[in-house]
1. Just how far, in whole angstrom, is segment 21-70 from segment 75-106 if you go by their alpha carbon centroids?
2. Using a 1.4 Å probe over the heavy atoms of the protein chains, calculate the carbon and sulfur portion of the accessible area of the chain as a whole percent.
3. I need the P(r) histogram for segment 1-101: all alpha carbon pairs, bin width 10 Å from 0 out to the longest distance, whole percents.
4. For segment 2-194, treating each Cα as an identical point scatterer without solvent, what Debye log10 I(q)/I(0) comes out at q = 0.08, 0.14, 0.15 1/Å?
5. Relative to the Cα centre, what is the charge dipole magnitude of the chain, using +1 at the beta carbon of each Lys and Arg, -1 at the beta carbon of each Asp and Glu, and rounding to the nearest 20 debye?
6. Using a 1.4 Å probe, what is the accessible area per residue for segment 2-194, in Å²?
7. Can you run phi through the Karplus equation (6.51, -1.76, 1.60; θ = phi - 60°) for segment 133-138 and list ³J(HN,Hα) in whole Hz, with x for Gly and Pro?
8. Work out from phi, with θ = phi - 60° and the Karplus expression 6.51 cos²θ - 1.76 cosθ + 1.60, the ³J(HN,Hα) of each residue of segment 176-188, listed in order in whole Hz, and give x for Gly and Pro.
Amino acid sequence: MRFVLASNNTAKTEEVAVLAQAMGHQVENYRNVLGETLVFPAETTTSQIENARVKAQFVHQYLPDEYVLSDDTGLYLSAFPDRFGVVTAREFKAEGILGTEAEQQYILDLLRQPSIDRSGYLLAVMGLATPNNRLLTAQGKGGVRIAENSRRGDYIDGLDNIVEAENGLTLSEMSINDVIDYHDRSRALQALVNLL
């Protein structure tokens, strides 16, 4: 199945496309289909579901015959329940944290104390606006704890390098055929496909 991703984030598009391809689907960025870059509506700071819905519906206005997919992903840490989540990217930006390695180190530094609770996960919420005007949402969790050292794995970048799954490997250490069973975005995409 082909999906058009409602995102201006090239790295996110590449990651979702790789995961989708391993699952037997195709993902293309809306910019390639539409031929222009849109300015998205402002996101909420309270609801990943609402953010995913708004992005999918917004691009679907321009591409009504496509299956328009969107993603809103946040990091959730047990040790910091009032931080990150839906505003993860905004927190990094507010702190001046630029680039994936800096983001990884920032999280590892927050969890540096030996007795701190390292449990945490990534939560992907995906929206899907269909050609018959259905609006679906689904969620997928990836990971169960934050690794104790940095940059474990190279397959998928970002926080995937430091988020360990149920099998003890980071989301970036696994092969693509294995990671689709554990990754937050592939789990959310599969849940959406099941709803179709």
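The values are calculated or read from the model by the stated rules, or taken from the named source; none is laboratory data. Model, not experiment: these values are computed from the prediction. We place every Cβ from the backbone using ideal geometry, glycine too, and count neighbours over all the protein chains shown. For accessibility, only protein heavy atoms count, side chains too; no ligands or nucleic acids. Shrake-Rupley method; radii C 1.70, N 1.55, O 1.52, S 1.80 Å.
1. Computed from Cα coordinates, the inter-centre distance equals 23 Å.
2. Details: 4350 of 9340 Å².
It is 47 percent, rounded to a whole number.
3. With a bin width of 10 Å, the distribution comes to 14, 41, 33, 10, 0.
4. Rounded to two decimals, the profile gives -0.25, -0.76, -0.88.
5. Computed about the Cα centre, the dipole is about 380 debye.
6. Value returned for segment 2-194: 47 Å² of accessible area per residue.
7. Result, rounded to whole Hz: 6, 7, 10, 10, 9, 8.
8. 4, 5, 7, 5, 5, 7, 10, 6, 4, 6, 5, 5, 5
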